[in-house]
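To start, the structure itself, in structure tokens.
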Amino acid sequence: MDSLLEQVGGTPVVNRTVGEFYRAIGRHLTPYESCDHQKQQVRQAQFLNHAFSSQPEPVRSSRASFLARGLNPALFEALLEYVGARLIELGFSFQFSSHLVETAGDLYEHCEQDLFIAC
């Protein structure tokens, strides 16, 4: 069975979608407000690519926790909403799109809980 990453079209599709999101919101922000966006774009694309891959445990959770450390929670939540809607626009089913968003969101939430426990 193909991983979610392979089913969605691979890393290029995820990276392109994340890039579209940041171009869309960047039009409405000042350079000061968007100064962190390049780092967020790269980190969030890495996180989504990892979340949709078929890495076995404990590698999956460990790598996800590392990647989640640099994510802006508000931007990541907005990105997930965008990804869900964009996948439907690209012809994926609502169920598949929802499953991808839920998979990434659940993994991120698990990582956030680990970060809070570590503090």
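The values are calculated or read from the model by the stated rules, or taken from the named source; none is laboratory data. This structure is a prediction, so every number in the text was calculated from the model and none was measured. Note that we place each Cβ from the backbone using ideal geometry, even for glycine, and neighbour counts take in every protein chain shown. Side chains included, ligands, DNA and RNA excluded: accessible areas come from the protein's heavy atoms. Shrake-Rupley method; radii C 1.70, N 1.55, O 1.52, S 1.80 Å.
Quickly run through region 83-92 and pick out the residues that are of a type outside the set (V, I, T) and over 13 Å from L48 (Cα atoms). Full working, then the answer.
Going through region 83-92, the residues of a type outside the set (V, I, T) turn out to be 84-87, 89-92.
Listed by number, the residues that qualify are A85, R86, L87, E89, L90, G91, F92.
For region 24-31, state whether one or more residues are surrounded by 11 or more Cβ atoms within 10 Å (Cβ to Cβ), more than 19 Å from G84 (Cβ to Cβ) and more than 16 Å from the chain's Cα centre (by Cα). Scanning region 24-31 turns up at least one residue that is surrounded by 11 or more Cβ atoms within 10 Å (Cβ to Cβ), more than 19 Å from G84 (Cβ to Cβ) and more than 16 Å from the chain's Cα centre (by Cα).
In region 14-22 there is at least one residue that is of a type in the set (S, T, Y), closer than 15 Å to V101 by Cβ and part of a helix (DSSP H, G or I).
The residues on offer are T11, T17, and the sole one that is crowded, with 19+ Cβ neighbours inside 10 Å and touching a residue at least 12 places away in the same chain (Cβ under 8 Å) is T17.
At pLDDT below 95 and closer than 23 Å to R16 by Cβ: does that describe A64? It is true that A64 is at pLDDT below 95 and closer than 23 Å to R16 by Cβ.
Could you tell me which of the residues S97, S62, S3 is on the phi < 0 side of the Ramachandran plot and crowded, with 16+ Cβ neighbours inside 10 Å? Just one listed residue meets the conditions, S97. Of all the listed residues (E112, E77, E89), the sole one being under 10 Å from the mean Cα position of the chain (by Cα), farther than 14 Å from L4 by Cα and surrounded by fewer than 19 Cβ atoms within 10 Å (Cβ to Cβ) is E77.
Within region 36-56, if we keep just the residues that are of a type in the set (D, E, K, R) and either within 17 Å of Y82 (Cβ to Cβ) or in a helix (DSSP H, G or I) (or both), the residue that is least open to solvent (accessible area, probe 1.4 Å) turns out to be R43.
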